[in-house]
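The block underneath contains the structure these notes are about, expressed in structure tokens.
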Amino acid sequence: MKPIYMDYNATTPIDPQVLEAMLPYLRGEFGNPSSSHVYGRRAHEAVVAAREKTAALIGCEPDEVVFTSSGSESNNQAIIGTAIAHRGKGHIVTSQTEHPAVLKTCRYLQERLGYKVTYLPVDKFGIISTEDLEKAITDETVLVTIMHANNETGTIQPNEKIGKILEDRNIPFHTDAAQSCGKTDVDVDSLKVDLLTIAGHKLYAPKGIGALYVRDGTQLDSLIHGGGQEQGRRAGTENVPYIVGLGKACEIAKRDLPDFKPRTKVLREGLYQGILDKLGGDSVILNGHPEERLPNTLNLSFKGLVGEELLKSIPEIAASTGSACHSGSMEPSPVLTAMGLSGETALGAVRFSLGRWTTKDEVDHAIDLVSKNVSRIRLQLKA
Ligand SMILES: Cc1ncc(COP(=O)(O)O)c(C=O)c1O
């Protein structure tokens with residue numbers, strides 16, 4: 001039997017319909033979209049259609065979409081591209097719980113190019129305070145980059161409020177929506193963002209494709225120079241099959257979202273309640289906001305246990321922890337420690353992230369496996 005996949009926030013399988021859409025462009029439809037002959041025109045049309053579908057998912061104009069190689073590239077492009085476009089000024093505001101593709105990019109600008117960076121703290125649910133944000137902004141602030149939904153906890157930031165504050169001050173706002181696209185509503189106007197990151201492999205497209213939304217009129221320098229592809233924003237012959245795949249994935253995500261959200265939430269809540277019922281509420285802690293959270297994400301700390309060891313003892317479930325192994329010892333997740341969890345509680349965390357193909361049977365089986373193994377390990381620890 002294949003392990004139960006509960007790691008959809010790490011990556012998703014490619015949807016068969018996405019693969020079907022891509023295949024012609026890996027076979028006979030090999031044209032370069034810049035060529036004027038029929039091969040090129042067909043490839044160009046495929047990219048145009050994919051751009052329209054990607055734009056439709058996030059509520060923007062097609063020519064505001066720049067295809068990139070990944071969520072990481074989109075984040076780097078948004079942050080470094082804005083910083084350089086505004087050179088002369090040099091302050092960026094971000095949060096302590098961002099993905100490394102944001103944190104390390106900010107750190108790079110800080111350490112190598114002398115930009116000032118404010119890393120906003122978060123509350124116990126992982127949410128920044130808009131008062132802190134207002135206090136952090138200076139005349140030098142060129143960008144605020146705050147993620148939409150957190151990859152480890154699923155906590156959703158108050159982007160609308162953040163966007164309003166920044167709109168009034170005319171400061172560009174980037175959000176990393178790698179985790180939220182396809183899992184919850186993402187609309188660039190409601191979120192009031194100027195730049196927004198999409199990562200293909202989090203929404204059933206292949207790995208190695210992403211997109212960056214760039215609001216019309218946003219000042220942004222390019223990172224990759226060369227041909228005039230992507231409205232002159234990102235050079236390089238387009239990765240047509242993967243772009244087509246991302247377009248199809250966005251089309252499916254938009255179509256299915258109204259069903260996906262409630263269905264996944266019911267399964268996620270079932271998993272949570274099932275584990276609580278078997279283990280008792282006192283020994284399990286929910287990490288992340290109880291409501292303002294992606295419908296698929298359940299991050300739990302099992303008191304007294306180490307999440308990595310628990311998962312090793314249940315090979316039938318593929319889930320993950322935010323902990324990392326450094327020189328032989330486990331380091332707790334920086335996201336969870338930023339939320340105020342003790343090192344021990346953070347080390348006890350496991351992230352279950354459900355997706356398009358999670359079933360009720362899988363959830364029931366997972367409840368059984370998790371509760372039995374947690375109880376067994378606790379007994380062993382006591383002995
Ligand atoms: C919130 C967030 N941002 C960015 C990324 C990076 O995306 P990619 O793997 O496409 O570079 C991830 C992937 O884990 C993510 O979860």
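Computed over neighbours whose Cβ is under 10 Å from that of GLY126, the net charge equals -1, Lys and Arg +1, Asp and Glu -1. In order along segment 39-44, the Karplus-derived 3J(HN,Hα) couplings, from 6.51 cos²θ - 1.76 cosθ + 1.60 at θ = phi - 60°, round to 4, x, 4, 5, 5, 4 Hz, and Gly and Pro are given as x.
Here the spin labels are modelled as points 7 Å beyond Cα on the Cα-Cβ line, and at ASP187 and LYS278 they lie 4.0 nm apart.
In Å, what Kirkwood hydrodynamic radius results for segment 21-75 from the alpha-carbon pair distances?
Working: mean 1/r = 0.0812 Å⁻¹.
With all distinct Cα pairs of segment 21-75 included, I get 12.3 Å.
For segment 83-136, taking the reciprocal of the average inverse distance between every pair of different Cα atoms yields a Kirkwood hydrodynamic radius of 11.9 Å. Put simply, the convex hull of the Cα atoms in segment 177-333 casts, on average, a shadow of 13.1 nm².
Which is the longest part of the chain that has none of the chymotrypsin sites (Phe, Trp or Tyr not before Pro) sitting in a DSSP loop with at most 15 other Cβ atoms within 10 Å?
31-356
Entry for segment 306-356 at q = 0.31 Å⁻¹: log10 I(q)/I(0) = -1.19, Debye formula applied to identical alpha-carbon scatterers, no solvent contribution.
Over its Cα atoms, what ratio of radius of gyration to 2.2 N^0.38 Å does segment 241-383 give?
On the way: Rg = 16.6 Å, N = 143, 2.2 N^0.38 = 14.5 Å.
Working it through for segment 241-383, the quotient is 1.15.
Let's test the formula: R0 of 35 Å, r as the Cβ-Cβ distance of ALA383 and GLU316. What FRET efficiency results, to the nearest 0.05?
Computed FRET efficiency for ALA383 and GLU316: 0.90.
Computed on the Cα atoms alone, the convex hull of segment 239-317 gives a volume of 152 cubic angstrom per residue. Going by neighbour counts of Cβ atoms within 10 Å, the residues MET147, MET22, MET330, MET1 line up, fewest first, as MET1, MET330, MET22, MET147.
FRET efficiency for the pair MET1 and LEU257, taken as 1/(1 + (r/R0)^6) with r the Cβ-Cβ distance and R0 = 35 Å, rounds to 0.70. Express in % the proportion of alpha carbon pairs of the chain at distances exceeding 38 Å. Above the 38 Å cut-off, the chain has 21 percent of its Cα pairs. When you filter the trypsin sites (Lys or Arg not before Pro) in segment 123-192 for DSSP loop state and at most 14 other Cβ atoms inside 10 Å of their Cβ, you are left with LYS124.
Any idea what the relative contact order of segment 16-253 is, in percent, if you count C-alpha pairs under 8 Å spaced at least 6 apart? Intermediate values should be presented prior to the final figure.
On the way: 478 pairs, mean separation 67.7, N = 238.
Dividing the mean separation by the residue count of segment 16-253 yields 28 percent.
For the residues ILE171, ILE162, what sequence is obtained by ranking on other C-beta atoms within 10 Å, fewest first?
Details: ILE171 17, ILE162 22.
Ascending Cβ contact count within 10 Å gives the list ILE171, ILE162.
The H on the amide N of GLY210, modeled in the peptide plane, is under 5 Å from the matching H of THR68, SER69, SER70, GLY200, each at least 5 residues off or on a different chain.
Taking all pairs of distinct Cα atoms, average 1/r, flip it, and tell me the Kirkwood hydrodynamic radius of segment 1-93 in Å to one decimal place.
Mean inverse Cα-Cα distance, inverted, gives 16.7 Å.
Note on the chain: GNM, Cα springs under 10 Å; of PRO158, PRO16, PRO241, the largest mean-square fluctuation is that of PRO16. Applying 0.36 nm per residue to the separation of ARG107 and THR138 and subtracting their alpha-carbon distance, the gain on full extension is 9.3 nm.
If neighbour count is taken as other Cβ atoms inside 10 Å, put CYS60, CYS250, CYS325 in order from fewest to most. Working shown, then result.
Values: CYS60 20, CYS250 29, CYS325 9.
Lowest count first: CYS325, CYS60, CYS250.
Placing dummy labels 7 Å off each Cα toward the beta-carbon, the span from THR359 to GLU344 is 4.1 nm.
Only the coordinates and a few stated rules stand behind these numbers; no lab work does. All of these numbers come straight from a predicted model, not from anything done at the bench. In this analysis, Cβ positions are derived from the backbone assuming ideal geometry, glycine residues included, and neighbour counts consider all displayed protein chains.
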